[in-house]
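Below is one structure, written out as structure tokens, with a few remarks after it.
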Amino acid sequence: MPSHQSINPFAILQKYYAPSSATYRILVIHSVLVASKALEIARTYQQRHAEAALDLGFIEEAALLHDIGVLRCDAPGIHCFGQEPYIKHGMLGREILEGEGLPQHALVCERHTGVGLTREEVIAQKLPLPLRDYLPLSLEEKIICLADRFYVKNPEALYRPMSLERIEEKMGQYGAAALARWKELRAVFL
């Protein structure tokens, strides 16, 4: 991925979230932890694969913005009182970041849910999403997707990273294909 013009993710978040709100606090803590984990994964990957020209600045920014769409969702447990089902937060985040002129960051939003979703999974699970694949494609997208699995937005567990075993158990609840995608990402990056 070519290097890009850097942005201030916190300024963008503050356009949509009141900095004094519980939602902002939860979102920022989660996103900072995910960004830190993503950068750790990316740096380790680069040490093993010197030819991988990862854009660390983009990884940090996109990880900080990956959940910007939650404010439009009905998720009272994280103080979000929008109208949309939570599964749509990635798609909604894409819309927000495209509106901000950040199309690459927007794709991270849309493609990070779980370990990505296929069109077939959208159909089989009757998810309220447009019928298409929502799979991370670039190395940067895959790294952010992987890092996001380690942290939840539950206020009681914000700071506690999940173990690899617990993540695998959770991925297994979403079916064999999701578990296989998790195992593939884990094998490549961890």
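Val70: modelled with pLDDT of 95 or more, among the aliphatic types (A, V, I, L, M), over 17 Å from Gln14 (Cβ atoms) and crowded, with 24+ Cβ neighbours inside 10 Å, yes or no? No: the conditions fail for Val70. Can you list residue pairs whose Cβ atoms sit under 6 Å apart, with the first residue in segment 40-56 being modelled with pLDDT under 95 and the second being of a type in the set (D, E, K, R)? Count only pairs 6 or more apart in sequence or on different chains. Once the first residue is modelled with pLDDT under 95 and sits in segment 40-56, no partner that is of a type in the set (D, E, K, R) comes close enough.
Of the residues making up segment 24-31, at least one is free of Cβ contacts under 8 Å to residues at least 40 places away in the same chain, over 15 Å from the mean Cα position of the chain (by Cα) and not in a loop (DSSP other than H, G, I, E, B). Do we have Leu158 as farther than 16 Å from Leu13 by Cα and either touching a Phe, Trp or Tyr at 6+ places or on another chain (Cβ under 7 Å) or not hydroxyl-bearing (Ser, Thr, Tyr) (or both) here? Yes.
When only residues in segment 121-165 that are among the acidic types (Asp, Glu) and either surrounded by 12 or more Cβ atoms within 10 Å (Cβ to Cβ) or at pLDDT 95 or above (or both) count, which is farthest from Leu33 (Cα to Cα)? Don't jump to the end; show me each part of the working.
Of segment 121-165, the ones among the acidic types (Asp, Glu) are 121, 133, 140-141, 148, 156, 165.
With either surrounded by 12 or more Cβ atoms within 10 Å (Cβ to Cβ) or at pLDDT 95 or above (or both) added as a condition, the list becomes 121, 133, 140-141, 148, 165.
On the way: Glu121: 28, Asp133: 27, Glu140: 16, Glu141: 16, Asp148: 9, Glu165: 19 Å.
Here the answer is Glu121.
Would you mention how many residues in segment 166-179 are exposed (fewer than 12 other Cβ atoms within 10 Å of the Cβ) and either part of a helix (DSSP H, G or I) or at pLDDT 95 or above (or both)? Before the answer, list the steps.
Applying the first criterion (exposed (fewer than 12 other Cβ atoms within 10 Å of the Cβ)) to segment 166-179 yields 173, 176.
Filter once more, so that each one left must be either part of a helix (DSSP H, G or I) or at pLDDT 95 or above (or both): 176.
Qualifying residue count for the region: 1.
The values are calculated or read from the model by the stated rules, or taken from the named source; none is laboratory data. Not measured: the values here are computed from a predicted model. Ideal geometry is used to build each Cβ from the backbone, glycine not excepted, and the neighbour counts take in all protein chains shown.
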